[in-house]
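Colleague: Here it is, the structure in full.
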Amino acid sequence: MKLAVINFSGNVGKSTIARHLLAPRIPRCQVVAVESINADDAEPMKVKGSQFAELQEYLQTVSNVVVDVGASNVEELLDLMRRYDGSHADFDGYIVPTVPARKQQQDTAATLAELARIGVPAERVRLVFNQITHDAPIEQVFGTLLAYCRSSGQAQVRLDARLHMNEVYARVRGAAQSLKEIAGDPTDFKHLIAQASSTAEKIELARQLATQRLARGVLPELDACFEALDLQALVFQWPGGSPEAQAAA
């Protein structure tokens, strides 16, 4: 499965969704960051938007990859896709994160319009409603964007593909491990804290314990969001779809 995480807007959680929602739930999946001013140094592979030819070639060699497109490179990348006719079909799907702020909703609508313009059908596009507060009705918070989606038909909307605000995402920014890996770490931090010889060491271990607890707490929501996206359906819907992706699925 080959996915692009994309939005014209920054600060919508693209890297979080690539690294903590998608990649850990797709077997043997690599994350590739198309560099932006917010690119994360923890990513294992980076390319610039202008290196689309190399990225296109790379996509032919792998079965499972998530490409995190930095906001400052989206316009250039989409322009290159227009030049390389049919290259948009190299991705099985496009994941478009969005957040409640009105500007980001407008940018999300612009992203959906541009994807449609280069030939991406609505059934290949998935929205992720991100950074929601727990008391906010999603239909009201994202009313502007949902109205646009209904009128344009440019994306399949699954309201259960949602993630709430959680401090754990800030805690793990730049970390080498995914939240799934952090949650599954067997380290007995409480034992280590009891054995630590300095207050500074105890505080650091306590911080790691708190992060692990937050990671374990957020995993069910990440699992539910991933399931709501129904990404396996993407592999079999694309005309002339990738045999490699179907085999991997």
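Colleague: If you build a Gaussian network model of the chain, linking Cα atoms that sit under 10 Å apart, which residue out of 176, 33, 89 swings the most?
Modeller: Answer for the Gaussian network model of the chain: 176.
Colleague: In degrees from 0 to 90, rounded to the nearest 10, what is the angle of the helix 74-83 Cα long axis to the longest principal axis of the chain?
Modeller: 40
Colleague: GluC sites (Glu not before Pro), restricted to the range 143-213: which are DSSP loop and have at most 16 other Cβ atoms within 10 Å?
Modeller: 167
Colleague: Now, a different point. Would you mind checking which residues have amide H under 5 Å from residue 67's amide H? H placed 1.01 Å from N; only 5 or more apart, or other chain.
Modeller: 3, 4, 5, 32
Colleague: Further question on the same structure: If you consider only alpha-carbon coordinates, what radius of gyration and Dmax does the chain have, in Å?
Modeller: Rg, Dmax (Cα atoms, Å): 18.8, 63.
Colleague: Taking 0.36 nm per intervening residue step and subtracting the Cα-Cα distance, what contour gain separates residue 216 from residue 232 on full extension?
Modeller: Taking residue 216 through residue 232 to full extension adds about 3.3 nm, to one decimal.
Colleague: Lysine pairs in the chain 8 or more apart or on different chains: how many have alpha carbons under 23 angstrom apart?
Modeller: Going through the chain pair by pair, I get 11.
Colleague: Next question. Where nothing but the Cβ of Lys and Arg (+1) and of Asp and Glu (-1) is charged, how large is the charge dipole of the chain around its Cα centre, in debye to the nearest 20?
Modeller: Dipole size: approximately 400 debye.
Colleague: Now for a different question. Taking θ as phi - 60°, what are the ³J(HN,Hα) couplings along the range 194-200 by the Karplus curve (6.51, -1.76, 1.60), each to the nearest whole Hz, with x for Gly and Pro?
Modeller: 5, 8, 5, 9, 10, 5, 4
Colleague: Next question, about the same structure. Please name whichever of 55, 87, 31 sits farthest to the positive end of the charge dipole of the chain, dipole taken about the Cα centre and charges placed at Cβ: Lys and Arg +1, Asp and Glu -1.
Modeller: It is 31, whose Cα lies furthest towards the positive end.
Colleague: Counting other C-beta atoms within 10 Å, and keeping those with at most 13, which DSSP coil trypsin sites (Lys or Arg not before Pro) do you find in the range 102-209?
Modeller: 173
Colleague: Measure off, as a whole percent, the carbon and sulfur share of the 1.4 Å-probe accessible area of the chain, all protein chains present.
Modeller: Reported share for carbon and sulfur atoms: 50 percent.
Colleague: Which of the listed residues, 111, 189, 10, is farthest toward the dipole's positive end in the chain, when Lys, Arg count +1 and Asp, Glu count -1 at the beta-carbon?
Modeller: 189
Colleague: How long is the gain from residue 159 to residue 30 if the chain were fully straight, where each residue apart is worth 0.36 nm and the alpha carbon distance is subtracted?
Modeller: Extending this stretch completely gives an extra 43.7 nm.
Colleague: Still on this structure, I have one more. Over the chain, give the accessible area per residue in Å² for a 1.4 Å probe, as an integer.
Modeller: Solvent-accessible surface per residue comes out at 47 Å².
Colleague: Please give, to one decimal in nm, the separation of the simple spin-label points placed at residue 207 and residue 151, each 7 Å out from Cα toward the Cβ.
Modeller: Between residue 207 and residue 151, the label points sit 4.8 nm apart.
Colleague: Ratio of alpha-carbon Rg to the 2.2 N^0.38 Å globular estimate for the range 116-176, to two decimals, please.
Modeller: So the Cα radius of gyration is 1.37 times the expected 2.2 N^0.38 Å.
Colleague: Counting other C-beta atoms within 10 Å, and keeping those with at most 10, which DSSP coil GluC sites (Glu not before Pro) do you find in the range 94-144?
Modeller: Here no loop site has a sparse enough neighbourhood.
Colleague: Same structure again: In percent, what relative contact order does the chain have, based on Cα pairs under 8 Å that are 6 or more apart in sequence?
Modeller: Computed over the chain, the figure is 22 percent.
Colleague: I've got another one for you. Enumerate the calculated ³J(HN,Hα) couplings along the range 141-152 in order (Karplus 6.51 cos²θ - 1.76 cosθ + 1.60, θ = phi - 60°), each rounded to whole Hz, writing x wherever the residue is Gly or Pro.
Modeller: These are the phi-based 3J(HN,Hα) values: 4, 9, x, 4, 5, 4, 4, 4, 4, 5, 7, 8 Hz.
Colleague: What residues have an amide H closer than 5 Å to that of residue 163, excluding those fewer than 5 places away on the same chain, when H is modeled at 1.01 Å from N in the peptide plane?
Modeller: Sorted by chain and number, the residues that satisfy this are 129, 130, 131, 132.
Colleague: What residue among 144, 98, 61 shows peak mean-square fluctuation when the chain is described by a Gaussian network model with Cα springs under 10 Å?
Modeller: Largest GNM mean-square fluctuation: 61.
The values are calculated or read from the model by the stated rules, or taken from the named source; none is laboratory data. Owing to the predicted nature of the structure, the values given are computational and were not obtained by experimental measurement. Here the Cβ is made from the backbone with ideal geometry for all residues, glycine too, and neighbour counts use every protein chain on show. Each accessible area value is taken on the protein alone, full model and side chains, heavy atoms only, with ligands, DNA and RNA left out. Shrake-Rupley method; radii C 1.70, N 1.55, O 1.52, S 1.80 Å.
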